[in-house]
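Visitor: One structure is given below, represented as structure tokens, and several questions about it will come after.
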Amino acid sequence: MAPPNPNAQRYSPTTMWDSTPLFQFADMQEIIQNFVRVHVDAPGMEEGAPVFPLGYQYPSLDQLADMIPCILQYLNFSTIIGVGVGAGAYVLSRYALTHPDTVEGLVLINIDPNAKGWMDWAAHKLTGLTSSIPEMILGHLFSQEELSGNSELIQKYRNIITHAPNLENIELYWNSYNNRRDLNFERGSDITLKCPVMLVVGDQAPHEDAVVECNSKLDPTQTSFLKMADSGGQPQLTQPGKLTEAFKYFLQGMGYMASSCMTRLSRSRTASLTSAASLDGNRSRSRTLSQSSESGPLPSGPPGHTMEVSC
């Protein structure tokens, strides 16, 4: 296993709905210590971001995906394991379609790869006449059961979104997400994700049907589908322990962290996964795969790198 990295980089503070809380979870520190994690916000979503001027043309999600190569070049990353939630999952998937050689794996939470149809568009417009932007976003993030229960988590996020100083920017981003193009995944065709993929969604989540459909269109030999019970619309917030353990399994399946000890899911025989993007610097994958969990630590080498994209 690569040695701890004291120079891990964090770009921008915590955003409102992303995988950041998961990476602050205690059990996640074993991963954090062995990978350089980079968090990427969409333009104007970072804390303290100034409000864009009236008439500003916000980038499409396709354009956001086109920005990733510049980030990787700046950081000198050659490949990544990407983790994204919602729009972040879409952006990473769009990037992986055009740059498959640079993506080793993807963890996609609540991905909806489909463009809005006419019925969805009409329903969205109608909802916009009767609901505020914060309430529409909350309806996108959480299940109706969660919203009806009005838990402390819901109250917290409603307060954060409603009083966000960059709410105008958030609305622009929200509009870009709702105007996304269809990714056109098709099993057996060239338009598919060619790396290992973990799809994650909560049971009864707003995105459940979309993730199930996405799973049906991807290569079954490369794709794992996890529907988490009792996790609502944001499993990275409500089930961080299970997701952390499953993320370790995902990394092990790709040849990383071979000596990591499994605990929670080993006992419960449950498999789960989450969002963070990672990348291994110069470590040899074939060498890593040859190591069994009984072989002891991997040879020392440059630490890996991780990148996450918020939604």
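Visitor: What number of residues within the stretch 73-98 satisfy the criterion of being under 26 Å from residue 235 (Cα atoms) and in a helix (DSSP H, G or I)?
Guide: Number of matching residues: 11.
Visitor: Same structure, new question: Among (1) modelled with pLDDT of 90 or more; (2) in contact with a helix residue (DSSP H, G or I) (Cβ under 7 Å, 6 or more places away or on another chain); (3) outside any helix (DSSP H, G or I); (4) surrounded by fewer than 18 Cβ atoms within 10 Å (Cβ to Cβ), there is one condition residue 165 misses while meeting the rest; what is its number?
Guide: (2) is the only condition that residue 165 fails.
Visitor: While we're here: Being under 25 Å from residue 165 (Cα atoms) and either acidic (Asp, Glu) or outside any loop (DSSP other than H, G, I, E, B) (or both) narrows it down to one of 63, 29, so name that one.
Guide: On inspection, the qualifying residue turns out to be 63.
Visitor: May I ask you to list the residues in the stretch 51-66 that are open to solvent by 80 Å² or more (accessible area, probe 1.4 Å) and of a type in the set (A, V, I, L, M, F, W, C)?
Guide: 54
Visitor: Looking only at the stretch 247-274, count how many residues are modelled with pLDDT of 85 or more and among the aliphatic types (A, V, I, L, M).
Guide: Result for the stretch 247-274: 2.
Visitor: Moving on. Report, ordered by the first and then the second residue, all pairs with beta carbons closer than 6 Å, sequence separation of six or more or different chains, a first member in the stretch 69-83 that is closer than 15 Å to residue 105 by Cα, and a second member that is surrounded by fewer than 19 Cβ atoms within 10 Å (Cβ to Cβ).
Guide: Filtered contacts from the stretch 69-83: 79/102.
Visitor: For the stretch 155-178, does any single residue satisfy the condition of being of a type in the set (Lys, Arg) and farther than 17 Å from residue 106 by Cβ?
Guide: Within the stretch 155-178, the first condition is being of a type in the set (Lys, Arg), and the residues that meet it are 156, 158.
Among the residues that remain, those that are also farther than 17 Å from residue 106 by Cβ are: 156, 158.
Yes, some residue in the stretch 155-178 is of a type in the set (Lys, Arg) and farther than 17 Å from residue 106 by Cβ.
Visitor: Suppose the filter is outside the structural domain of residue 84 (by the TED database), of a type in the set (A, V, I, L, M, F, W, C) and open to solvent by 20 Å² or more (accessible area, probe 1.4 Å); does residue 237 pass it?
Guide: no
Visitor: Here's something else I'd like to know. Only one of 101, 120 is modelled with pLDDT under 90 and either assigned to a helix (DSSP H, G or I) or assigned by the TED database to the domain that holds residue 190 (or both). Can you tell me which?
Guide: On the way: 101 fails: modelled with pLDDT under 90.
The match here is 120.
Visitor: Name, by its number, the condition in (1) open to solvent by less than 70 Å² (accessible area, probe 1.4 Å); (2) assigned to a loop (DSSP other than H, G, I, E, B) that does not hold for residue 245.
Guide: (2)
The values are calculated or read from the model by the stated rules, or taken from the named source; none is laboratory data. Because the structure is a prediction, the values reported are computed rather than measured. Neighbour counts run over all protein chains shown; Cβ positions are idealised from the backbone, glycine included. These accessible areas exclude ligands, DNA and RNA; they are computed on the full protein's heavy atoms, side chains included. Shrake-Rupley method; radii C 1.70, N 1.55, O 1.52, S 1.80 Å.
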